[in-house]
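What follows is a short report on a single structure.
The values are calculated or read from the model by the stated rules, or taken from the named source; none is laboratory data. The shown structure was predicted, so the numbers you read here are calculated from the model rather than taken from an experiment. All Cβ positions, even for glycine, are placed from backbone atoms using ideal geometry, and neighbour counts span all protein chains on display.
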Amino acid sequence: MSEMNWKTSVTNVKTNELRLRGYRVDDLMGSIGFAEGIYLALKGRLPSEQEGLMYNAIFVSCIDHGPTPPSALATRTAASTGASLNAAVASGVLAINRFHGGAIHDCMGVLEQGLDDQAASGAPIKDIADRLVTQYRDVKKRIPGLGHRIHTDDPRTKKLFDLAKELGLAGNGVALISAIKSSLQNQGKSLPINVDGAIAALLIDLEVPQALANAFFIISRVPGLVAHYHEEIERERPMRRIHPTKHEYDGPEDRSV
C-alpha cells in the first residue's frame, strides 16, 4: 500500500450507502437516539440500554448553565459583532479550556492515578482518597471536580450518581470521588462534587479514555451556545456592551417534566 493511502474504521461511504461503524445510517435513523449514535461513533459498538441512558443524561446535564460562563459570553460577544453562527459558536467552544469545562479531563487524571494506586496496593478506596487529599493539600492545590462558584450541592451530580447506581453503572470511579469528598469533609473542608467531577467519575466507569474527556462537555454545551447565539441576534442590538452578570431571566415559569 502506498504511503498516500491510509485507513479509517469510523465511517464507510459508498454510492447510495453510508455506514457508521458498520451500521447503515438510514437503519440507525429512528432506531437509536443521538446519544446512542455518539456512543457508537466513539466506542465502535451500539450501547446497552443502560449505557445509552447514561450517555443521554451526561449530555443533558451540561447543555447550558446560563449566559455567564465564558463560553456563552464568548458566543454572545461574537454574535454581537455580526459573526456568523459557526464563528460565534466556535468562539464559545474555544473558550472551553482548563478552568471552564476542562476539569473533566483533569479530574479523570486524579481518579485514574488513585485507582492505579489502589490496584497496585490493594488498599481500600477510603485510604486512597485520604492519600490524594493529603497529597493535594500539601502542595496547596485543589482537586479538580470539586467545588462550584454557585452550587453548594450540585443537583446534576446527585441525579447522575443516582441514575448510575440504578442502572448498575456506578463503579470505582464514582466510589473514589465520593470517598474524596468525604475525606475532605472529615478534614473540615466541605466541597460539593460538581458536574465535571461527576462526569469524570462516570466516564471512568464507562471505560472512556481520558483523551476524550472534554469532548463530552463540548458536545453537550453546543446546543446551549446555539440558543445563546440566536437569542443575541434576535433580541439585542449589535456591538452592545455585555456585562457578565447584570442580566435578568424572563423565560418560562418553573415547570416539571
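A few remarks follow.
- Residue match in region 70-83 (condition: in the same structural domain as Leu202 (by TED's automatic domain parsing) and touching a strand residue (DSSP E or B) at 6+ places or on another chain (Cβ under 7 Å)): yes
- Within region 36-59, the residues that satisfy the criterion of being under 16 Å from Leu167 (Cα atoms) and assigned to a helix (DSSP H, G or I) are Glu36, Glu49, Gln50, Glu51, Gly52, Leu53, Met54, Tyr55, Asn56, Ala57, Ile58.
- Within region 144-196, being at pLDDT below 95, out of contact with any strand residue (DSSP E or B) (no Cβ under 8 Å at 6 or more places or on another chain) and within 20 Å of Ala213 (Cβ to Cβ) holds for Pro144, Gly147, His148, Arg156, Val195.
- Condition met for Glu207 (more than 23 Å from the chain's Cα centre (by Cα) and either modelled with pLDDT of 95 or more or within 27 Å of Ala88 (Cβ to Cβ) (or both)): no
- So Ile219, is it under 23 Å from Phe161 (Cα atoms) and either of a type outside the set (Ser, Thr, Tyr) or not in a helix (DSSP H, G or I) (or both): yes
- Sub-9 Å Cβ pairs linking a first residue in region 226-238 that is outside the structural domain of Ile63 (by TED's automatic domain parsing) to a second residue that is basic (Lys, Arg) and surrounded by 14 or more Cβ atoms within 10 Å (Cβ to Cβ), at least 6 apart or interchain, number zero.
- Ala211 satisfies every condition listed in (1) of a type outside the set (Val, Ile, Thr); (2) loosely packed, with under 10 Cβ neighbours inside 10 Å; (3) part of a loop (DSSP other than H, G, I, E, B) except (3).
- The one condition in (1) among the aliphatic types (A, V, I, L, M); (2) in contact (Cβ under 8 Å) with a residue 12 or more places away in the chain; (3) in a loop (DSSP other than H, G, I, E, B) that Leu203 fails to fulfil: (3)
- Every residue from region 143-197 that is among the aliphatic types (A, V, I, L, M), closer than 20 Å to Leu115 by Cβ, within 18 Å of the chain's Cα centre (by Cα) and part of a helix (DSSP H, G or I): Leu160, Ala164, Val174, Ile177
- Residue in region 14-30 that is free of Cβ contacts under 8 Å to residues at least 60 places away in the same chain, among the β-branched types (Val, Ile, Thr), surrounded by 10 or more Cβ atoms within 10 Å (Cβ to Cβ) and assigned to a strand (DSSP E or B) present: no
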